[in-house]
Amino acid sequence: QARLVESGGGSVQAGGSLRLSCIASGYTHRPGCMTWFRQAPGKEREAVAGIEPSGIVPFLADSVKGRFTISRDKVENRVTLQMDSLKPEDTAMYYCAGATTDCLFRSWSRVDTYSYWGQGTQVTVSS
């Protein structure tokens with residue numbers, strides 16, 4: 001089974017930047033959509049940004065458009081989330097998730113779309 005490992009979390013002041021990385025390994029089939037989710041205490045897990053295997057069409061939550069950028073390298077086993085202009089409301093545990101299908105408008109943000117999950121990396125933004 002595929003394994004996803006996140007890194008890059010930390011603590012920053014509002015307005016700062018962080019770059020998260022997700023490394024995937026152990027695929028036994030063609031990789032599909034990969035998406036970053038986040039979950040704050042007491043809240044539902046929320047899709048932040050997803051990207052197709054081709055990297056052509058990214059999906060972004062409205063709350064992060066203009067501030068976050070998702071990218072995927074040429075071997076399609078590393079996904080990066082560049083987070084700029086961070087706000088306190090961005091504070092959450094961030095998880096990398098992998099699917100066996102392409103990203104689709106109607107399903108990219110659904111938790112049950114994804115078969116593989118990383119352990120998470122904490123992002124804390126102070127005001």
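The values are calculated or read from the model by the stated rules, or taken from the named source; none is laboratory data. Quick caveat, the model's predicted, so the values are computed rather than measured. A quick note on method: Cβ atoms are made from the backbone with ideal geometry, for glycine too, and the neighbour counts reach across all protein chains shown. Heads up: the accessible areas ignore ligands, DNA and RNA and are worked out on the full protein's heavy atoms, side chains in. Shrake-Rupley method; radii C 1.70, N 1.55, O 1.52, S 1.80 Å.
Take the residues of the range 87-127 that are open to solvent by 20 Å² or more (accessible area, probe 1.4 Å) and aliphatic (A, V, I, L, M): which is farthest from Ser17 (Cα to Cα)?
Here the answer is Leu104.
Given the structure, is Gly55 at pLDDT below 95 and within 14 Å of the chain's Cα centre (by Cα)?
yes
For the range 1-42, name all the residues that are open to solvent by less than 30 Å² (accessible area, probe 1.4 Å), in a loop (DSSP other than H, G, I, E, B), more than 11 Å from Gln122 (Cβ to Cβ) and modelled with pLDDT of 95 or more.
Answer for the range 1-42, where residues must be open to solvent by less than 30 Å² (accessible area, probe 1.4 Å), in a loop (DSSP other than H, G, I, E, B), more than 11 Å from Gln122 (Cβ to Cβ) and modelled with pLDDT of 95 or more: just Gly16.
If Gly55 passes every condition in (1) assigned to a loop (DSSP other than H, G, I, E, B); (2) open to solvent by less than 50 Å² (accessible area, probe 1.4 Å); (3) touching a helix residue (DSSP H, G or I) at 6+ places or on another chain (Cβ under 9 Å) but one, which one does it miss?
The number of the failed condition is (3).
Please list, ordered by first then second residue, the pairs with beta carbon atoms under 6 Å, 6 or more apart or interchain, first in the range 55-80 and of a type in the set (Asp, Glu), second surrounded by fewer than 16 Cβ atoms within 10 Å (Cβ to Cβ) and not in a loop (DSSP other than H, G, I, E, B).
none
Listed residues Thr124, Thr100; which is over 13 Å from the mean Cα position of the chain (by Cα) and in a loop (DSSP other than H, G, I, E, B)?
Exactly one residue qualifies, and that residue is Thr100.
Just one of (1) in contact with a Lys or Arg (Cβ under 9 Å, 6 or more places away or on another chain); (2) free of Cβ contacts under 8 Å to residues at least 60 places away in the same chain; (3) more than 17 Å from Tyr116 (Cα to Cα) trips up Ile23, so point out which.
All conditions pass for Ile23, except number (3).
Any idea which of Asp62, Asp84 is exposed (fewer than 15 other Cβ atoms within 10 Å of the Cβ), over 18 Å from Gln39 (Cα atoms) and acidic (Asp, Glu)?
Going through Asp62, Asp84 in turn, the sole match is Asp84.
From the residues in the range 65-81 that are of a type in the set (Lys, Arg) and not in a loop (DSSP other than H, G, I, E, B), which one is surrounded by the fewest Cβ atoms within 10 Å (Cβ to Cβ)?
Arg78
Could you grab me the full set of residues in the range 49-65 that are acidic (Asp, Glu) and more than 13 Å from Val79 (Cα to Cα)?
Asp62, the sole residue that qualifies.
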